[in-house]
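Taking it in order: structure first as structure tokens, then the write-up.
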Amino acid sequence: MDVHNDLWKKEDGMDFGDTPRDLYDNNLSYLDRSFSRFITWLKEEGIYDRTVIVFTSDHGEQFWEHGASLHGHTVYEEEIRIPLILAAHGIRKRFEAVPAIAADMAPTIADLAGYSINPPYDDSYMGISLVPLILGKERQRYMKRDVVGRASFKRRYFLYRNWEWKLIYLAELDLLQLFNVVKDPLEKNNLLAEEPELAAELAQELLDYLKAVEGKTYRSILSK
């Protein structure tokens, strides 16, 4: 919880300054050093080579990039883009150009442990095993993929289309935004007016999915 709320400067972390972002970075460096000690302990105990390690996070953090701070209230990149490092004995591969989601972890770990799920859990919106990607058997499936998510504390949702187009829906405000996160990773240019047909298609897909998963019905904001 060191990088969660009520940040204070840790002596075992690097000193970047005194701004909120500096304190956040200080706590990140503190966690980094703590994790290093944990890895050293695994090796000293002789269990490192038979341990699967997953290093990730539940969310990022905002520093007023889109008018808010902390987390859980928006679905912009600074809040939902998180690290994911998976280390398993006998696997030495790196994929920086293939995005994944936190929900991929459960089916991936089950797969690595040798468990099978029947019937197969195969909802690409919510999470799929990364083992076929790791073993080099499949790649396209992970690149061409629609993903849905929501903010923790507010009715705010996003839908990714192939990791390029991102629709944001703020339900309580009846507000839609459309970004090309490849060309505009900081999400500064809302392309709703320039791409109305794509926006309408993504919006309908998102609303249909929310109705199926959450049992909630929202009115369509965009017409054809």
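The values are calculated or read from the model by the stated rules, or taken from the named source; none is laboratory data. Quantities reported herein were computed from a predicted structural model and do not represent experimental measurements. Cβ: placed from backbone, ideal geometry, glycine included. Neighbour counts: every protein chain shown. Heavy atoms of the whole protein, side chains included, go into the accessibility calculation; ligands, DNA and RNA do not. Shrake-Rupley method; radii C 1.70, N 1.55, O 1.52, S 1.80 Å.
Among the listed residues Glu138, Glu65, identify the single one that is touching a helix residue (DSSP H, G or I) at 6+ places or on another chain (Cβ under 7 Å), assigned to a loop (DSSP other than H, G, I, E, B), modelled with pLDDT of 85 or more and open to solvent by 20 Å² or more (accessible area, probe 1.4 Å). Step by step, each of Glu138, Glu65 is checked, and only Glu65 is touching a helix residue (DSSP H, G or I) at 6+ places or on another chain (Cβ under 7 Å), assigned to a loop (DSSP other than H, G, I, E, B), modelled with pLDDT of 85 or more and open to solvent by 20 Å² or more (accessible area, probe 1.4 Å).
Under the condition of being aliphatic (A, V, I, L, M) and open to solvent by 10 Å² or more (accessible area, probe 1.4 Å), the residues counted in the range 141-158 number 2. Screening Pro132, Pro107 for residues that are modelled with pLDDT of 85 or more and farther than 30 Å from Ala203 by Cβ leaves exactly one candidate, Pro132.
If Tyr169 satisfies all but one of (1) aromatic (Phe, Trp, Tyr); (2) modelled with pLDDT of 85 or more; (3) out of contact with any Phe, Trp or Tyr (no Cβ under 8 Å at 6 or more places or on another chain), what's the number of the condition it fails? Against the list (1) aromatic (Phe, Trp, Tyr); (2) modelled with pLDDT of 85 or more; (3) out of contact with any Phe, Trp or Tyr (no Cβ under 8 Å at 6 or more places or on another chain), Tyr169 comes up short only on (3).
The condition (being of a type outside the set (Gly, Ala, Ser), closer than 25 Å to Arg155 by Cβ and at pLDDT 85 or above) is satisfied by just one residue among Thr74, Thr51: Thr74. For the range 4-55, the set of residues classified as touching a residue at least 24 places away in the same chain (Cβ under 8 Å) and touching an Asp or Glu at 6+ places or on another chain (Cβ under 7 Å) consists of Tyr24, Asn27, Tyr30, Leu31, listed by residue number. Residues in the range 159-199 that are open to solvent by less than 20 Å² (accessible area, probe 1.4 Å), assigned to a strand (DSSP E or B) and under 21 Å from Gly72 (Cβ atoms): Leu159, Tyr160, Lys166, Leu167, Ile168, Tyr169, Leu170, Leu176, Phe179.
Restricting the range 8-55 to residues that are of a type in the set (D, E, K, R) and in a loop (DSSP other than H, G, I, E, B) leaves a set whose member that is least open to solvent (accessible area, probe 1.4 Å) is Lys10.
Checking the structure you have, find out if any residue of the range 145-154 is of a type outside the set (S, T, N, Q), closer than 15 Å to Pro99 by Cβ and modelled with pLDDT under 85. Checking the range 145-154: at least one residue is of a type outside the set (S, T, N, Q), closer than 15 Å to Pro99 by Cβ and modelled with pLDDT under 85.
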